[in-house]
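Please read the structure below before turning to the comments.
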Amino acid sequence: MGIDYRLAFGFTLLSLLCAASLLAPTDSAAAAKKDKPQLVTPDDYFRLGDVGEPRISPDGRWIAYTVGNQDLEADESSSRIWMVPAAGGDPIPLSAEGESSSSPRWSPDGKYLGFLSSRDEGKTQVWTLFREGGEAVQQTDTAQGVNSFEWSPDGKKLLLVLRDPKPEELEAKEAADKGETYKEKTPPPWVVTRRQFKLDYVGYLDNRRTHLYVFDLASKEIVQITSGDFDDSEPAWSPDGTRVAFVSNRTAIPDDNYNTDIWVVAADNDDLDAKPLQITTNPGPDGTPSWSADGSLISHTSNIETGAETLYGTNHLAISSSAGGKSKLLTRQLDRMIFSPRFSKSGDSIYFLLEDSGELNLARMPASGGAVERLISGPRAVSALDQGPSGEIAVLISEPHLPAEVFLYKNGSFERRSHVNDAVLASLRLGSVEEIRYASADGTEIEAFVVKPPNFSSRRRYPGILRIHGGPQAQYDFSFHFEAQLYASNGYVVVMPNPRGSTGYGRDFCMGIWQAWGEPDFDDVMGGVDYIVDQGWAHPDKLAVTGWSYGGMLTNHVITKTDRFKAAATGASATLYIVNFGHDQYQRWWRYELGLPWNPESRALYDKISPFNRVENVTTPTLILGGKEDWNVPIINSEQLYFALKLLGVPTELVVYPDEFHGIDTPSHAKDLFERYLVWFGRYLKGEKTAKAN
């Protein structure tokens, strides 16, 4: 629901087409076919690398980045660190193959690269690697593992984010230090006392919290500098290394609101009873602090909404005095989402990522306020910026036919530096991607993206798929979408709308579904279906609808309100919302937007917007999927929908993936998911007889 699950999925029709040939190709014909770009299949998903975390070395000569891969044969995922010359050239692997490494961070002198790794199935620790070569050296040896880290400005210390250790973690560490073997015990019962007592991918929450520590690289001494019944995150060293800015909710009951503030603590703080200096007082969430060069200001994001409206609110750009007491909102009139603000090296401007109408741009504005300058915009999505010593910026850029790669922005232009997926992309035939705009039922303009089959012909109509994004606070943009390309290669026209509830179009547009889930956004997505039918691209009698998380929830609304679709696939979705109260991780969201369910007016609202209460209207054959351990949108929702449709005689299947949370992360499960989508849609839209094995 709250997580935008965007597995960019796949397709397998090519093998069937090849098998249909009555004559075996000659060797030369086979070779020519091998060199010719082929249609996308599910297996191609596992050939693509996931590029992330670009970091420029202090001398500006190198860019480090990560490449994530999914090994279908080993059925596991890993991430490796590479570096490429900033001037362009061949990449060099830095971390070992097969040992997952992440979070590359250059030492201030540029001689070492720090990173996180959990080698030999141990806890995640900080390792360092000499840039000129040699073996990686483990630096930290904490009982509970390291969440994140940052080098101090002088390179002598590391700032660590650690969660309080479990008793058994301390016992295991003590045994290891003595050279003894730790015998695991039967896990104790969970004792729940917090209001926020569940979290997806974590499980039940106890009273352990996340705090900041300073680790001395020479002495190996570690000192805790924050404490209390609060979680501390996103730390940033001041330029002189004497202070640390961080993000924390330190209200009386942190589990009861969405507030976070920027705080500052001395880097050598040894008095854990001393209260850090509060920098911001906005009742909504503030985050991602970045210091100005002189240490006098901190830039950050600021959402001025409160309660559940925070979830629909806009992240603005703000600056605050590092001494506290003075903050200024810089982008109130812009009414668009801001991410990852960073002061320029000179301190006179701030760089940030700007989400705007299907785009994610690199932008900047004067630190004193003023006009926003879009540095990289247009049909692409920019992410993960990092600034170099001379003002150059490393970013990730994805385009409709390009998964994210590393680019360098310098002197007003940007150039590509990584080419991780070039060979794979050269072997594939991709469908064209077109941005469209249309009027919803009430006249509201809606933006959407249409992906057409590679061999698209305007003289025929194709089966169509409505693909709804999750969130709902998210947007489709000009980035590469593998799942849509998969469907297109299988002969479908895919429409991906940004209905109300989406970000990228301002606060009012996002708030359009407040206490009205499945109402205006239903009209918005159906307008996208009407568009591809009216254009003659999609066949009106061969339509499917699918989505994951909130996309699945809206899919459930769609199939209870119309019989236009011949197939549906709903993933990690909710149907009877009252069931989730006190069961999923959204204990605040339900109360703040819909109210307490024992209140008659609130209960009526829960019932009004729950698609389960219209389930008797469903005639669409529906594939229902989810992870067994999902505490974001628990599997009970899928089970109830499945059982109801079964009793109603509607063709349906329930697919539950073991050991999976809100996302499907195991490669073999992801492939299974791709194939099930294709078989289900092929069966009901094309009349294909292929059956997916259990």
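Read the figures in this text as sums done on the coordinates, not as results from a lab. Please read these numbers as outputs of a predicted model, since none were measured by experiment. Cβ placement follows ideal geometry from the backbone for every residue including glycine, while neighbour counts extend to all protein chains displayed.
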Return one number: the angle in degrees, 0 to 90 and rounded to the nearest 10, between the long axis of the Cα atoms of helix 636-648 and the longest principal axis of the Cα atoms of the chain. 10
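Give me the dipole magnitude in Debye, nearest 20, for the chain about the Cα centre, with unit charges on the beta carbon: positive for Lys and Arg, negative for Asp and Glu.
On the way: 68 positive and 94 negative charges, 332 e Å.
So the magnitude is around 1600 debye.
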Distribution of pairwise C-alpha distances over segment 50-90, 10 Å bins, in %: 29, 43, 20, 8, 0
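Sorting 111, 542 on the 10 Å Cβ count, fewest up front, what's the list?
Values: 111 14, 542 21.
The fewest-first ordering by Cβ neighbours comes to 111, 542.
Can you pull the Rg over Rh of segment 68-196, Cα-only, Kirkwood? Working shown, then result.
Numbers: Rg = 17.7 Å, Rh = 17.1 Å.
Looking at segment 68-196, the ratio lands at 1.04.
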Highest to lowest packing among 98-105, 157-164, scored as the average C-beta count within 10 Å: 157-164, 98-105
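How fast does segment 134-210 diffuse by Stokes-Einstein, in µm²/s, taking the Kirkwood radius from C-alpha pairs at 37 °C and 0.692 mPa s? Mind showing how you got there, number by number?
On the way: Rh = 15.3 Å.
It comes out at roughly 215 µm²/s.
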When the Debye formula is applied to the Cα atoms of segment 266-391, each taken as the same point scatterer, what base-10 log of I(q)/I(0) results at q = 0.18 Å⁻¹? -0.99
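Which of the pairs 561/646; 123/166; 646/671; 328/410; 123/183; 157/183 have their Cα atoms more than 24 Å apart in this structure?
On the way: 561/646 18 Å; 123/166 13 Å; 646/671 26 Å; 328/410 29 Å; 123/183 17 Å; 157/183 34 Å.
Those over the limit are 646/671; 328/410; 157/183.
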Compute the distance from the alpha-carbon center of segment 410-430 to that of segment 266-335, in whole Å. 36
Cα centroid separation, segment 386-403 to segment 50-67 (Å): 10
Debye sum, Cα scatterers, segment 331-445, no solvent: what log₁₀ I/I(0) at q = 0.10, 0.16, 0.19 1/Å? -0.37, -0.83, -1.04
For segment 421-462, what is the largest minus smallest coordinate of the Cα atoms on each principal axis, given in angstrom and ordered from greatest to least? 46, 28, 10
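Using only DSSP helix segments of four residues or longer, with each worth -39500 (n - 2.57), what per-residue ellipticity at 222 nm results for the chain after dividing by its residue count and rounding to 500? Before the final figure, lay out the partial values.
Values: 11 runs with 113 residues, N = 694.
Result for the chain, helices only: -5000 deg cm²/dmol.
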From the backbone phi of segment 149-156, what are the Karplus-calculated ³J(HN,Hα) couplings (6.51 cos²θ - 1.76 cosθ + 1.60, θ = phi - 60°) in whole Hz, Gly and Pro given as x? 7, 8, 6, 6, x, 8, x, 9
So, in Å, what gap is there between the alpha-carbon centers of segment 488-551 and segment 604-665? 20
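May I ask you to sort 119, 459 by Cβ crowding, counting other Cβ atoms within 10 Å and putting the fewest first?
Working: 119 16, 459 6.
The order, fewest Cβ neighbours first, is 459, 119.
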Kindly give the semi-axes, whole Å and largest first, of the ellipsoid equivalent to segment 172-258, taking each as the square root of 5 times a Cα gyration tensor eigenvalue. 27, 26, 9
Segment 556-694, Rg to Rh (Cα coordinates; Rh as Kirkwood inverse mean 1/r): 1.00
Cα radius of gyration and Dmax for the chain (Å): 25.8, 81
Considering the alpha-carbon set of segment 155-309 alone, what are its Rg and its Dmax in angstrom? 17.8, 53
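Going by C-beta contacts inside 10 Å, put 583, 469 in order with the fewest on the left.
Details: 583 15, 469 27.
Sorted ascending by nearby Cβ count, the order is 583, 469.
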What does the convex hull of the alpha-carbon atoms of segment 421-564 project to on average, in nm²? 8.7
Please list the three semi-axes, largest first and in whole Å, of the ellipsoid equivalent to segment 476-539, using sqrt of 5 times the eigenvalues of its alpha carbon gyration tensor. 25, 15, 9
Grab the eigenvalues of the alpha-carbon gyration tensor for segment 502-585, scale each by 5, take roots, and send me the semi-axes largest first in whole angstrom. 25, 18, 10
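Could you grab the Rg to Rh ratio for segment 37-134? Cα atoms only, Kirkwood for Rh. Each step should come with its number before you reach the end.
Details: Rg = 14.8 Å, Rh = 14.5 Å.
Rg divided by Rh gives 1.02.
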Scalar couplings 3J(HN,Hα) for segment 128-135 by Karplus 6.51 cos²θ - 1.76 cosθ + 1.60 (θ = phi - 60°), nearest whole Hz, x for Gly and Pro, are 10, 9, 5, 4, 6, x, x, 7
Given 122-132, 525-535, 183-193, 168-178, the highest-first ranking by average Cβ count within 10 Å works out to 525-535, 122-132, 168-178, 183-193
